[in-house]
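Take a look at the structure below.
The values are calculated or read from the model by the stated rules, or taken from the named source; none is laboratory data. The model shown is predicted, which means the values in this text are computed figures rather than measured ones. Every residue, glycine among them, receives a Cβ derived from its backbone with ideal geometry; neighbour counts consider all protein chains shown.
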Amino acid sequence: MRRNFPLCRLSPEAAGQLMHDHERCTKKLLETERYLAALTVEIRNTLGPEAVWSLQAKARQSVALNDLQKELRA
């Protein structure tokens with residue numbers, strides 16, 4: 001099945017602002033990813049890989065639990 005998506009028409013000023021915001025957010029995301037990678041390496045070097053894996057597993061379980069609780073409340 002083919003869908004036609006509506007075309008979003010922006011003024012030149014709005015398009016420029018959107019491009020600026022997109023570039024800013026992309027730069028911030030890349031900076032955050034670099035920070036997270038460096039932080040993970042430092043934690044792994046300090047605590048050891050097993051501790052990092054354990055922390056990552058606990059974090060994944062916590063996120064999944066929070067998502068499940070949100071679904072149950074909705």
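Is it the case that the stretch 1-10 has a residue that's loosely packed, with under 11 Cβ neighbours inside 10 Å, out of contact with any Gly (no Cβ under 9 Å at 6 or more places or on another chain) and at pLDDT 95 or above? Looking for residues that are loosely packed, with under 11 Cβ neighbours inside 10 Å, out of contact with any Gly (no Cβ under 9 Å at 6 or more places or on another chain) and at pLDDT 95 or above, one finds none in the stretch 1-10, hence no.
Just one residue in the set VAL52, VAL63 is free of Cβ contacts under 8 Å to residues at least 60 places away in the same chain, surrounded by 10 or more Cβ atoms within 10 Å (Cβ to Cβ), assigned to a helix (DSSP H, G or I) and over 19 Å from the mean Cα position of the chain (by Cα); that residue is VAL52. Anything in the stretch 47-74 that is of a type in the set (Ser, Thr, Tyr) and at pLDDT below 95? List them, or say none. Of everything in the stretch 47-74, just one residue is of a type in the set (Ser, Thr, Tyr) and at pLDDT below 95, namely SER54.
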